[in-house]
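Only the coordinates and a few stated rules stand behind these numbers; no lab work does. Remember, it's a predicted structure, so these values are computed and weren't measured experimentally. Cβ coordinates were reconstructed from backbone atoms using ideal geometry, including for glycine residues, and neighbour counts include every protein chain displayed.
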Number of protein chains: 2
Amino acid sequence: MSAVLALSGGVGGAKLVLGLSAVLDQGDLAVAVNTADDFEHLGLHVSPDLDTMLYTLAGLSDPVRGWGRADESWNFMSALGTLGGETWFALGDRDLAIHVERTRRLRAGESLTSIVAHMAARLDVAVRIVPITDSPVRTVVHTRDDGPLPFQDYFVRHRCAPVVTAISFAGAAEARPSPAFAAAIGDPELRVVVVAPSNPWLSIDPILAIPGVRRALEGVRVPVVAVSPIIHGLAVKGPTAKIMRELGMEPTSSAIARHYNGLIDGLVIDESDAADADRIGIPVKVARTLMNDLDDRRHLARAVLAFAETLAGTANSA
Amino acid sequence: MSAVLALSGGVGGAKLVLGLSAVLDQGDLAVAVNTADDFEHLGLHVSPDLDTMLYTLAGLSDPVRGWGRADESWNFMSALGTLGGETWFALGDRDLAIHVERTRRLRAGESLTSIVAHMAARLDVAVRIVPITDSPVRTVVHTRDDGPLPFQDYFVRHRCAPVVTAISFAGAAEARPSPAFAAAIGDPELRVVVVAPSNPWLSIDPILAIPGVRRALEGVRVPVVAVSPIIHGLAVKGPTAKIMRELGMEPTSSAIARHYNGLIDGLVIDESDAADADRIGIPVKVARTLMNDLDDRRHLARAVLAFAETLAGTANSA
């Protein structure tokens, strides 16, 4: 049903997926989105990466803040603070609707997959947004000084400050890929798998941790291409470079390629790292990976798809 | 602990309670608030009468709309509608905070009484706001043409249009008064019980339907005084007069007195109904009961308390 399957976390991945959606025919793109950042907050089921993807593709995301909705108001949070409620995780008034409605439907027994599909349709999003699983998988960030932290505690409350020693995914061993994700991997029309420039440890690894997913992706007879989230030793956004150092790696695209060893057939790296291309050990495409505007996103999407074309029929298609 | 105990539903009752709080010393007033209008909506526990009371006493209520908070925004509802959620019951962005926080705390095992007390303290409300019960009691409006309707379906969705044949309170027989309500009735400092000009059938009857409450109130050795919600055959707000006619009564203060027969020792009626005073059969005080501003509320509160003084030591103190 879809020629291109992207794997993605939040903001950075959503930018590339928006670019892919702009250059592909409608219906040609599915995106499997990390749900291990999901958490229960204020009694609501919050799905940060799914919502970032949905808002980005629906044209509702805030371009400056980088998360949540544009034209947002914060009267709920203000009133909640006055009542003594928890305010460390900001939920905008418009954004709150998706959490309340999702929570209500989950409690009524509907699957996350079905809820996301229905909301995407309501928002006129043609890309098939697929939660990686309908089971509860939760990222735990193990830190040197604060012990194990639930992901949002690490990410939002502690602003990624604690030193990371390991990352695990509670519930992953018992989880199953959502039927829609499994179908997307097994889709006979599939031509390419794109690993978005999301944080490999926090956003992509939980996808690969679900039993059967990594093996299924390694077994697809089409190119699997990743876009490196590292540009000249830095991450565009978020703690990727910091975490790599804390886990004992240099923050380079070579390290990204090693991390994805066996999974990917090629890596797209930024033009500022062109000198490293020969050291990476797998086919590399040099492109501008910084995505400031829609043109950048489209340009990178075209580069990724063209690169995958050159790999088709050779890599990983045994 | 409190010299005055008021029984109240929503808007009209809250106005009188605000007046009482303005003329009494701090700490001298407790109000038992109807919870049978409470309902589960969007997965949230909504308590309309408690919130109206809290917002009114905290100076947060909207003076024009008559419900909800002043300076409110509606971005949540707008976004919810776009996602396909239910929008027939309007929840403002600021108002939403109380529902989300209350629901979270109820699910964590806290009692409604404790939650309301904590929120009132956060909002600097000195009046002791007491839910009549921590048990689920739900008003059911039986209608001629639409069968039994949950209260908010009748009140908001159907705008009180269906003809009422009876009213019942699901769960009342199994409910117990909240410990705080029972303590307020049994308070040795109690000097007067005021039945606010709320709808007797929809707002006060559920209070009296909780086992033991009516008998306890009939047994208090202090005056019980009601303020009639009927002014010259009309209700100031809401469906009181309409419901009285549908239940086969003329909408008069005499009918209100008959409804409260055995419970109250005196009735405050509006000056426009002064000619009826002699026909009511119990002690009557004529006052201006329409409360347009805070002066009206204070004036009526003083009249009610002065009237109760005249009844002390005579009525109901056997």
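Hey, which lysines would be in cross-link range of A:Lys285, C-alpha to C-alpha under 27 Å, not counting anything within fewer than 8 residues on its own chain?
List returned: A:Lys15, A:Lys237, A:Lys242.
Using a Förster distance of 60 angstrom, determine the FRET efficiency expected from the C-beta separation of A:Arg122 and B:Glu189, and round it to 0.05.
Efficiency for this residue pair is about 0.60.
Select from A:Asp38, A:Asp295, A:Asp205 the residue whose mean-square fluctuation is largest in a Gaussian network model of chain A (Cα-Cα springs shorter than 10 Å).
A:Asp295
Say R0 is 60 Å: what FRET efficiency, to the nearest 0.05, do B:Glu218 and A:Ala166 get from their beta-carbon distance?
Values: r = 68 Å, r/R0 = 1.13.
The formula returns an efficiency of 0.30 here.
May I ask you to evaluate 6.51 cos²θ - 1.76 cosθ + 1.60, the Karplus curve with θ = phi - 60°, for each residue of region A:197-202 and list the ³J(HN,Hα) values in order in whole Hz, giving x for glycine and proline?
x, 8, 5, x, 7, 8
Using only the alpha-carbon atoms of region B:259-317, report the extent along each of the three principal axes, biggest first, to the nearest angstrom.
That gives 34, 24, 18 Å along the principal axes, largest extent first.
For B:Trp67, list long-range residues whose amide hydrogen, built 1.01 Å from N in the peptide plane, is under 5 Å from its own amide hydrogen.
Counting only residues 5 or more places away or on other chains, the set is B:Asp62.
Can you tell me the relative contact order of region B:27-71? Whole percent, Cα pairs under 8 Å, sequence separation 6 or more.
Values: 39 pairs, mean separation 10.7, N = 45.
About 24 percent, as a whole number.
What three numbers, in Å, describe the spread of the alpha carbons of the protein assembly as shown along their principal axes, ordered from the longest?
On the principal axes, the protein assembly as shown reaches 103, 53, 39 Å in Cα extent.
Once you average over the residues of B:84-91, how many Cβ atoms of partner chains fall within 10 Å of each Cβ?
The shielding value for this peptide is 3.
Would you mind telling me the antiparallel percentage of the DSSP bridges in region A:4-311, rounded to 5?
In region A:4-311, approximately 45 percent of DSSP beta bridges are antiparallel ones.
For A:Ala235, what residues show an amide H to amide H distance below 5 Å, using hydrogens built from the backbone and excluding near sequence neighbours?
Hits under the 5 Å cutoff: A:Ala241.
Just for the protein assembly as shown, what percent of DSSP beta bridges are antiparallel, to the closest 5?
45 percent
Please report the relative contact order for chain A, taking Cα pairs under 8 Å with a sequence separation of at least 6, and give it as a percent rounded to a whole number.
Values: 623 pairs, mean separation 63.5, N = 318.
Over chain A, the number comes to 20 percent.
At 7 Å along Cα-to-Cβ for each site, give me the label-to-label distance between B:Arg302 and A:Ala274 in nm.
Once both label points are built, they end up 8.7 nm from each other.
At 7 Å along the Cα-to-beta-carbon direction for both A:Glu110 and B:Glu40, put a label point, then send me their distance in nm to one decimal.
Computed distance between label sites A:Glu110 and B:Glu40 equals 1.7 nm.
Let me test this: with uniform point scatterers at the alpha carbons of region A:4-311, what is the Debye-based log₁₀ I(q)/I(0) at q = 0.08, 0.14 1/Å?
So the normalised log intensities work out to -0.33, -1.07.
Please state the relative contact order of region B:1-157 as a whole percent: Cα pairs under 8 Å, 6+ residues apart?
That works out to 25 percent.
With a Förster radius of 30 Å, plug the Cβ-Cβ distance of A:Asn292 and B:Asp62 into 1/(1 + (r/R0)^6) and report the FRET value to the nearest 0.05.
Values: r = 44 Å, r/R0 = 1.46.
For R0 = 30 Å, the calculated efficiency reads 0.10.
Let me know the mean shielding of B:68-75 by other chains, meaning the per-residue number of their Cβ atoms within 10 Å of its Cβ.
3
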